[in-house]
1. Tell me which helices (runs of 4 or more DSSP H) are completely within region 99-212 and hold 2 or more residues being more than 21 Å from GLY287 (Cα to Cα), or say none if there are none.
2. Answer yes or no: is there a residue in region 18-34 that is within 18 Å of the chain's Cα centre (by Cα), under 24 Å from THR162 (Cα atoms) and among the small types (Gly, Ala, Ser).
3. Considering GLN113, GLN144, which residue is surrounded by fewer than 23 Cβ atoms within 10 Å (Cβ to Cβ) and not aromatic (Phe, Trp, Tyr)?
4. Tell me whether region 274-294 contains one or more residues that are assigned to a loop (DSSP other than H, G, I, E, B), within 12 Å of the ligand (Cβ to nearest atom) and under 20 Å from the mean Cα position of the chain (by Cα).
5. Hey, any hits in region 121-133 for a residue that's of a type in the set (A, V, I, L, M, F, W, C) and more than 18 Å from the chain's Cα centre (by Cα)?
6. Which pairs have Cβ atoms under 7 Å, sit 6 or more apart or on different chains, and link a residue in region 275-286 that is closer than 12 Å to LYS178 by Cβ to one that is among the aliphatic types (A, V, I, L, M)?
7. State whether the residues of region 257-272 include one that is in contact with a helix residue (DSSP H, G or I) (Cβ under 6 Å, 6 or more places away or on another chain), touching a residue at least 40 places away in the same chain (Cβ under 8 Å) and more than 25 Å from GLN56 (Cα to Cα).
8. Within the set of pairs 6+ apart or on separate chains, which have a first residue in region 39-62 that is aromatic (Phe, Trp, Tyr), a second that is not in a loop (DSSP other than H, G, I, E, B), and C-beta atoms under 6 Å apart?
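The values are calculated or read from the model by the stated rules, or taken from the named source; none is laboratory data. Keep in mind the model is a prediction, meaning the values are calculated, not measured. Positions of Cβ are generated from backbone atoms using ideal geometry, with glycine treated the same way; all protein chains shown enter the neighbour counts.
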Amino acid sequence: MSLTTELRKQSPLREVEGIPLPAATVDNWSQIQKFEGKPDDLLICTYPKSGTTWIQEIVDMIEQNGDLEKCQRAIIQHRHPFIEWARPPQPSGVEKAKAMASPRTLRTHLPTQLLPPSFWENNCKFLYVARNAKDCMVSYYHFQRMNQTLPDPGTWEEYFETFTSGRVAWGPWYDHVKGWWEVKDRYQILFLFYEDIKKDPKQEIQKVMQFMGKNLDETVLDSIVQETSFEKMKENPMTNRSTVPRSILDRSISPFMRKGTVGDWKNHFTVAQNEMFDEIYRKKMEGTSINFCMEL
Ligand code: A3P
């Protein structure tokens, strides 16, 4: 059996309250739930493939006052502990977060109902980035093809069924986005859209800066806009995942920094799939006021 097949077999998804999660995360679940958020924590929250890496780099550049060299201190996956991440014997996300000095910036893909309760109790700051469901699905499909620790997505037709029914790691897109959207006015939550960052990065980066309580010069802001562009981040070894072994992320199948666009779904969805998707979406998202931009 190849190493790749071995990894895929070792890493099935298991469920917590009906949400599929990587098995090692579920094994570590009591530690994750007991995790102590602190009042000065900033938690980056996303559904997978919604621009997590992008917003992480933006937040880090703001924290470092635009100093790119300081942002090169570590690969992006190591700068902000991923609280539900576990791959023994490596230290878990919880362990890394505990070892980090405050003020901490952490990240998670957890839906609201699975978030460690202390984050709510301590009124932490949350930065949520949402991406339209169709582009998210396309991005997740290619990511599951190349990420050997996640289930093989099968064909695009098969994945269409898997994604729309929410049988993917971190569960259904609809409930994730709705859940965070519904609590956004009750907590300190800055709710951003991938499409808005793409359309007007400077304006959205400014919102992040204000939310973080920072005040940076116009020239610094401009350089953050430049350094966090898709083209720059694709070439940057600290953000493009090129240091991850190919047995885990196989870039010969698909790059991690793949296209970084709005509307790539049009290159994947058939007319029939699009109609079917719109119908499922309408039912699942009924009653919410959230609106997505589907093309720029
Ligand atoms: P695509 O697969 O559509 O290209 P995450 O970091 O949550 O896993 O999300 C990955 C997605 O965000 C990928 O989408 C990736 O290309 C995109 N992305 C990463 N950095 C980006 C940037 N600077 N600008 C636009 N998109 C970016």
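1. Values: elements: 117-121, 133-146, 156-164, 173-183, 194-199, 201-211.
Qualifying helices (runs of 4 or more DSSP H): 117-121, 133-146, 156-164, 194-199, 201-211.
2. Within region 18-34, not a single residue is within 18 Å of the chain's Cα centre (by Cα), under 24 Å from THR162 (Cα atoms) and among the small types (Gly, Ala, Ser).
3. Details: GLN144 fails: surrounded by fewer than 23 Cβ atoms within 10 Å (Cβ to Cβ).
Exactly one of GLN113, GLN144 is surrounded by fewer than 23 Cβ atoms within 10 Å (Cβ to Cβ) and not aromatic (Phe, Trp, Tyr), namely GLN113.
4. In the first step, residues of region 274-294 are kept if they are assigned to a loop (DSSP other than H, G, I, E, B); the result is 285-294.
Among the residues that remain, those that are also within 12 Å of the ligand (Cβ to nearest atom) are: none.
For region 274-294, residues assigned to a loop (DSSP other than H, G, I, E, B), within 12 Å of the ligand (Cβ to nearest atom) and under 20 Å from the mean Cα position of the chain (by Cα): absent.
5. Restricting attention to region 121-133, the residues satisfying the condition of being of a type in the set (A, V, I, L, M, F, W, C) are 124, 126-127, 129-130, 133.
Among the residues that remain, those that are also more than 18 Å from the chain's Cα centre (by Cα) are: 124.
Yes.
6. Short answer, once both residue conditions are applied: TYR281/ALA133.
7. Within region 257-272, one or more residues are in contact with a helix residue (DSSP H, G or I) (Cβ under 6 Å, 6 or more places away or on another chain), touching a residue at least 40 places away in the same chain (Cβ under 8 Å) and more than 25 Å from GLN56 (Cα to Cα).
8. Sorted first by the residue in region 39-62, then by its partner, the pairs are TYR47/TRP173; TYR47/HIS176.
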